[in-house]
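Since every read-out is calculated from the coordinates, none of them should be taken as a lab result. Source: prediction; values computed, not measured. As a convention, Cβ positions derive from the backbone with ideal geometry for all residues, glycine included, and neighbour counts pool all protein chains shown.
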Amino acid sequence: MDDAKVPLRKLLEALLFVAWEPLSLKRLAEVTGAEKRDIAAVLAEMQADFAEAGFQLAEIAGGWQFLTDKELAPYIEKLYNPRSQQLSKAALETLAIVAYHQPVTRLEIDNIRQVKSDAVLGKLLEKSLVKEVGRLESPGRPILYGTTREFLAAFDLKTLSDLPELPEQEEPNELSLFGGAEDFGV
């Protein structure tokens, strides 16, 4: 690099502009040679400055990334006319199971969904929304699945703790599986 000192903000703006994934403070410090606290201060300033722009600086998936304003999505889609990247109901269901129960095996996913999930799980792996995170210490050593940074970024989450709470579910009893007690003269 040239001996001339590049202003930190200018450097961070350029790095975040070209990054295809969120950049952590650690990574930004490695690339710029600046202290994490200095980077954090500049990022906070940038976040405030871009708050009313057509794009924002967002802290997601353990890092920082420029994102377009959500309300502008229909216009951006018109410009780029993207092929639909929406997930099927089965894929969303499977992804939710992985997100809330990770690490989880394919068999556990199948038991919760009550259908085979091989194909759907394969698609989620292709899209890098889930990944293999290990193997269960049991006979057959089944693969354990978990979510990825791409999952966090796709759903605009900083961490898994930002997932919405699951609603409380009643424990089903034998009668409720087939209808109310009144249906059985009880």
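List of remarks:
- N111/E168 FRET efficiency (R0 22 Å; Cβ-Cβ; nearest 0.05): 0.60
- Candidates E52, E132, E108: whichever shows maximal mean-square fluctuation once the chain is modelled as a Gaussian network with Cα springs under 10 Å: E52
- With the Kirkwood sum run over all distinct C-alpha pairs, region 1-148 has a hydrodynamic radius of 18.4 Å.
- Near the amide H of Y145, within less than 5 Å, lie the amide hydrogens of V104, T105, V133, all on another chain or at least 5 residues away, with H placed in the peptide plane.
- C-alpha center-to-center spacing [region 88-128, region 16-58] in angstrom: 34 Å
- Model label sites at D69 and L125, defined 7 Å from Cα along the beta-carbon direction, differ in position by 4.2 nm.
- Sequence-separation-based contact order of region 1-140, relative, with Cα cut under 8 Å and 6+ spacing, percent: 16 percent
- Relative exposure of R113, R37, judged by other C-beta atoms within 10 Å (fewest first): R37, R113
- Above-threshold pairs, the threshold being 32 Å between Cα atoms, out of K26/K116; K78/K116; K78/K123; K5/K127: K26/K116; K78/K116; K5/K127
- Selected from I143, I60, I76 as most flexible by GNM, with the chain as the system and alpha-carbon contacts under 10 Å: I76
- For region 23-91, the Rg and Dmax computed from alpha carbons only, in angstrom: 15.8, 45
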